[in-house]
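One structure below.
Just so you know, all these numbers are worked out from the coordinates, no wet-lab data involved. Note that the structure is predicted; figures quoted are calculated from it, not measured. Every residue, glycine among them, receives a Cβ derived from its backbone with ideal geometry; neighbour counts consider all protein chains shown.
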Amino acid sequence: MRRTAIALIAAALFGLTACGTSEPTASSDTSEAAAQPVSLTDGRNKKLDLKAPATKVVALEWGAAENLISLGVMPVGVADTKGYTNWVTAAKLDPAVKDVGTRGESSVDAIAALSPDLVITTTDEAANSIAQFEKIAPVLVIRGADAANAIPQMKTNLDLIGQAVGKSEQAKQLTADFDKAVADGKQKISDAGKAGTGFTMADGYKQGSTISIRMYTTGSLLGAVTTELGLKNGWTGAGDKDYGLAQTDLEGLTKLPNGAFLYIANKNDGGDVFGGDLAGNAIWKNLPFVKSNQVHRLPDGIWMFGGPKSTEQFIEAAVQAVTS
């Protein structure tokens, strides 16, 4: 999801580099299967045909880049590599990966210079931009998110990327590992007597003197995962149809019930409005979860809109927060 569009704004790293150079390259697979054509239907319901699994891939969204790296394919280019490094720690970028501009405003020239055999973007991308990318290489378009099916959509995106790069079996293993992490986390919460515990989750940002807060509804990826862990989301309002996020302000937090308040912040990008800007605010200090010392800042570098590896990081952090 783009920070430019939402005002704010990961666990295996495969250092895949060509011998004697720092240029990134995908892992080579000389098996017969690796040379077979690939045919799939992407998030636009459009058929995509590749002569062989893609090896030189440009990812224009961080979740796609994370999935590629988790699958063992280091992208040759990523949109906003600095931002990715700040926000996604579950699948680290090789330093030689080229920056191709910002998410939503990627450079066609920078992408073309890499001679990719696949570009991956999301349905959030403008149609005219996708058309420009298709003049360079085939484009795999995945849906950024779906608030009605947040976890299945995350798995679908991983599966599509796995097909495109010839890593379907690895994708299946990542999905199985994720499902196990959810089941293990749910068991830990149950064993601690915390099943059914109330929680809310948010992130926040400051523009001038105005603080805006985003609530993670049950339709958000992390909200859906937390519900699967056996916790109860105290925010009952609806969010947007894609990412399941709802906007509120400090006054809106006064309507929340007591329970664990989980929040995302990043010292390298956006700061910490809850632990900093609001720390001395009288309204904030009198919120029930603040008074009961149930405010939990999650570790930096957990990407909220990522793939299984980022989401597993969140599971570990959320379980620790509510059971400690």
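In terms of the Cα gyration tensor, with a ≥ b ≥ c the square roots of its eigenvalues, is region 172-220 rounded because a/c is under 1.5, prolate because a/b exceeds b/c, or oblate? It is oblate, given that a/c is not under 1.5 and a/b is not larger than b/c. Counting only Cβ charges, +1 for Lys and Arg and -1 for Asp and Glu, the dipole size of the chain around its Cα centre is about 640 debye. Taking a straight line from the alpha carbon of Lys98, these aspartates and glutamates sit under 16 Å away, with near neighbours fewer than eight places off in the same chain left out: Glu23, Glu61, Glu66, Asp80, Asp109, Asp117. Scattering from region 186-323 was approximated by placing one identical point on each alpha carbon and applying the Debye formula without solvent; log10 I(q)/I(0) at 0.12, 0.14, 0.17 1/Å stands at -0.43, -0.60, -0.91. Mean separation of Cα pairs under 8 Å and 6 or more residues apart, divided by the residue count, gives region 252-302 a relative contact order of 55 percent.
For the residue pairs Lys155/Lys255; Lys82/Lys241; Lys82/Lys194; Lys92/Lys291; Lys56/Lys309; Lys46/Lys180, the C-alpha atoms sit more than 26 angstrom apart in Lys155/Lys255; Lys82/Lys241; Lys82/Lys194; Lys92/Lys291; Lys46/Lys180.
Computed from the C-beta positions of Ser39 and Ser212, the FRET efficiency with R₀ = 45 Å rounds to 0.55.
What shape does the chain have by the C-alpha gyration tensor, where a ≥ b ≥ c are the square roots of the eigenvalues, rounded means a/c under 1.5, and otherwise prolate means a/b greater than b/c and oblate the rest? Prolate, since a/c reaches 1.5 and a/b exceeds b/c.
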